[in-house]
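K.L.:
Here's a structure for you.
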Amino acid sequence: MSDFVKEVPAQSPDEPDAHGVDLVDGDEPAVRILVRGALPATLEHDGRTWAATDETHDAGDAPAISVYRPA
């Protein structure tokens, strides 16, 4: 679903890769977080459940940022 934002170097295999995620709710400003490991179908943040979408945000020269919306 998303490209890696940060790849862990081979010398540190015990640290999972991190993905950029934008939590988007209507016209409110997105909240950007990092999720370590594989991206789940849903995640909990700030007392709310967020569901993955097929949307991404362009991060310029960096990998795309996955978009989650309220479940």
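The values are calculated or read from the model by the stated rules, or taken from the named source; none is laboratory data. Treat the numbers as computed from the prediction; the structure is a model and nothing was measured. Counting neighbours? That spans all protein chains shown, and the Cβs are built from the backbone with ideal geometry, glycine included. To get the accessible areas, we keep the full protein, side chains included, count just its heavy atoms, and leave off ligands, DNA and RNA. Shrake-Rupley method; radii C 1.70, N 1.55, O 1.52, S 1.80 Å.
K.L.:
Name the residues in the stretch 1-15 that are surrounded by 13 or more Cβ atoms within 10 Å (Cβ to Cβ) and either assigned to a loop (DSSP other than H, G, I, E, B) or at pLDDT 65 or above (or both), would you?
P.N.:
Scanning the stretch 1-15 gives M1, S2, D3, V5, V8.
K.L.:
Considering only the stretch 16-39, state which residues are in a loop (DSSP other than H, G, I, E, B), at pLDDT 85 or above and open to solvent by 50 Å² or more (accessible area, probe 1.4 Å).
P.N.:
D25, G26, D27, E28, P29, A30, A38
K.L.:
Please verify whether E44 is in a loop (DSSP other than H, G, I, E, B) and modelled with pLDDT of 90 or more, treating the condition exactly as stated.
P.N.:
The answer is no for E44.
K.L.:
Among the residues of the stretch 57-71, count how many are free of Cβ contacts under 8 Å to residues at least 12 places away in the same chain and open to solvent by less than 80 Å² (accessible area, probe 1.4 Å).
P.N.:
1
K.L.:
Sticking with this one: Looking at the stretch 47-60, which of its residues are assigned to a strand (DSSP E or B) and not acidic (D, E)?
P.N.:
R48, T49, W50, A51, A52, T53, T56, H57
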